[in-house]
Structure formats: structure tokens, C-alpha cells
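Visitor: Got a structure for you, questions after.
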Amino acid sequence: MKISDVKHRTHSRTRLTRGTGMLESHLARLRAAQANRLIPNSLRQGRILDVGCGSTPYFLAHTSFKEKFAIDQLAPSEASPDILWHTLNLNMKPHLPFEDAFFSVVTMLAVAEHLNPTSLVTLFTEVHRILQPGGVLIITTPAAWSGGLLNAMARLNLVSAEEIKEHVYLYTLPLLGWYFGKAGFAFEQLRFGYFEFRLNLWAMAER
């Protein structure tokens, strides 16, 4: 596996996502905080993979793990010795170049909505494969009903028009549960909820 390093520097002017939406940095921080709340402390001595982290991996820079890995179709904006990077277009190749049971946690924050549904099924199946028993997949994604509002916010430059334009599909909690089931996750090991005034969903699936 070919990997390179990425470094993240956090300050008030850092752009955490593509585009110039005024709320983008704030929303990225809220997603990171939600994911961090969901991660069991018992898993933090293992490896984490953040799928679709963007070229500036804010979440990985603000979570504590023994080893950190990142995947994105973009190259890292800067190099860092503590995040191992792999560049991959998940819509074209939704297969993960890691061994079985390699990770204790996999995160996908604001990623599912950018993938076509067929790729998402394959990707969830791949995540199930690379998670160790007892490991978890954590995702965040916009709620299905929020599409019109997000488009309006993009026109007002509140959120990134570039990101919203690339949304392929928005999900409901039951539909996400169906995708998890297709990937091999047991229904009794799933948890779901809302955040950001119910504009976004979070979901956690235990291996």
C-alpha cells in the first residue's frame, strides 16, 4: 500500500472544506465533535480510518488514537507525520486497500451523500471487512428532507456551493439501516440519531 503523510495546522483562517460558505468551518467542527462523542474510549488505543476526510483532515487532527489513517480523492494540503494518507476515488473504486480486521474505528463524515448508492453498498461492505470485532463505523450525512434548505443556504454563501452541488443522494435513518444490513452489520448493533437541529443524521454500526 502506497501512503504519504499529511499535516494539519489549525487556526482561525484555516479552510476546513472546499468552498467559501460562511458556516463551513463551524459545521465541520460540529461534525467532528459529534463523531468524537460517539467513539468509545476503549477503542482509542487502536487504529482509526477517516474516509473522505478532505485535503485538510480537521477531525483526525482533533481526535486521539494510537494510529491514524486517511483516505480522500484529493491530495493532502500539507504533510504530517502522524496521519497516514491514501489517495483514492471511492466512486470509481470503493475498495479499501487494508487487511481484514485492521481498524478499531472507521469514520465517514459528510461523505455518504457524495457517493452513488451502489458504491456506498460496496464501501460499507469493505468497512465491515476491515473492522476488528467490536470495532465501529461512524457516519454523518445530511437528512433527506434538508436538500432544499441546503441549496438555499448555498445560494446565500452560508455553506459550500461546491460541496452541495456534488451531493448525489440524501438518506433517511431507515434507509441507512438497510445499507448497513446489506453490508453485514447486525440490526441490533446499530444506533442512529440527529444533530444540528435535525439537519444531519449520525449512525454507528458495530462489527
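The values are calculated or read from the model by the stated rules, or taken from the named source; none is laboratory data. Note that the coordinates shown come from a computational prediction; the quantities given were computed from them, not determined experimentally. Here Cβ is always computed from backbone atoms with ideal geometry, including for glycine, and neighbour counts include all displayed protein chains.
Visitor: Look through the stretch 28-52, keep the residues that are buried (at least 20 other Cβ atoms within 10 Å of the Cβ) and of a type outside the set (Gly, Ala, Ser), and return whichever of them is farthest from residue 108 (Cα to Cα).
Guide: So, considering only residues that are buried (at least 20 other Cβ atoms within 10 Å of the Cβ) and of a type outside the set (Gly, Ala, Ser), the one farthest from residue 108 (Cα to Cα) is 47.
Visitor: Quick one: residue 118 ticks every box in (1) more than 14 Å from residue 51 (Cα to Cα); (2) modelled with pLDDT of 90 or more bar one, so which box is it?
Guide: (2)
Visitor: Applying the selection to the stretch 157-207, what residues are loosely packed, with under 15 Cβ neighbours inside 10 Å, farther than 21 Å from residue 40 by Cβ and either more than 16 Å from the chain's Cα centre (by Cα) or without any contact (Cβ under 8 Å) to a residue 24 or more places away in the chain (or both)?
Guide: 157, 162, 165, 172, 174, 175, 178, 181, 182, 197, 198, listed by residue number.
Visitor: Continuing with the same structure: Of the residues 121, 127, which single one is of a type in the set (A, V, I, L, M), touching a Leu at 6+ places or on another chain (Cβ under 8 Å) and on the phi < 0 side of the Ramachandran plot?
Guide: So the residue among 121, 127 that is of a type in the set (A, V, I, L, M), touching a Leu at 6+ places or on another chain (Cβ under 8 Å) and on the phi < 0 side of the Ramachandran plot is 127.
Visitor: Among the residues that make up the stretch 87-107, is at least one of them more than 25 Å from residue 29 (Cα to Cα), surrounded by 22 or more Cβ atoms within 10 Å (Cβ to Cβ) and of a type outside the set (Val, Ile, Thr)?
Guide: So far as the stretch 87-107 goes, yes, one or more of its residues are more than 25 Å from residue 29 (Cα to Cα), surrounded by 22 or more Cβ atoms within 10 Å (Cβ to Cβ) and of a type outside the set (Val, Ile, Thr).
Visitor: Still on this structure: Does the stretch 53-66 contain at least one residue that is loosely packed, with under 15 Cβ neighbours inside 10 Å, more than 15 Å from the chain's Cα centre (by Cα) and not in a loop (DSSP other than H, G, I, E, B)?
Guide: The answer is no, given that none of the residues of the stretch 53-66 is loosely packed, with under 15 Cβ neighbours inside 10 Å, more than 15 Å from the chain's Cα centre (by Cα) and not in a loop (DSSP other than H, G, I, E, B).
Visitor: Then there is this: Can you tell me how many residues within the stretch 134-186 are of a type in the set (A, V, I, L, M, F, W, C) and either closer than 17 Å to residue 117 by Cβ or touching a strand residue (DSSP E or B) at 6+ places or on another chain (Cβ under 7 Å) (or both)?
Guide: Pass one, the stretch 134-186, residues of a type in the set (A, V, I, L, M, F, W, C): 136-139, 143-145, 149-150, 152-154, 156, 158-159, 161, 164, 168, 170, 173, 175-176, 178, 180, 183, 185-186.
Filter once more, keeping what is either closer than 17 Å to residue 117 by Cβ or touching a strand residue (DSSP E or B) at 6+ places or on another chain (Cβ under 7 Å) (or both): 136-139, 143-144, 150, 168, 170, 173, 175-176, 178, 180, 183, 185.
Count: 16.
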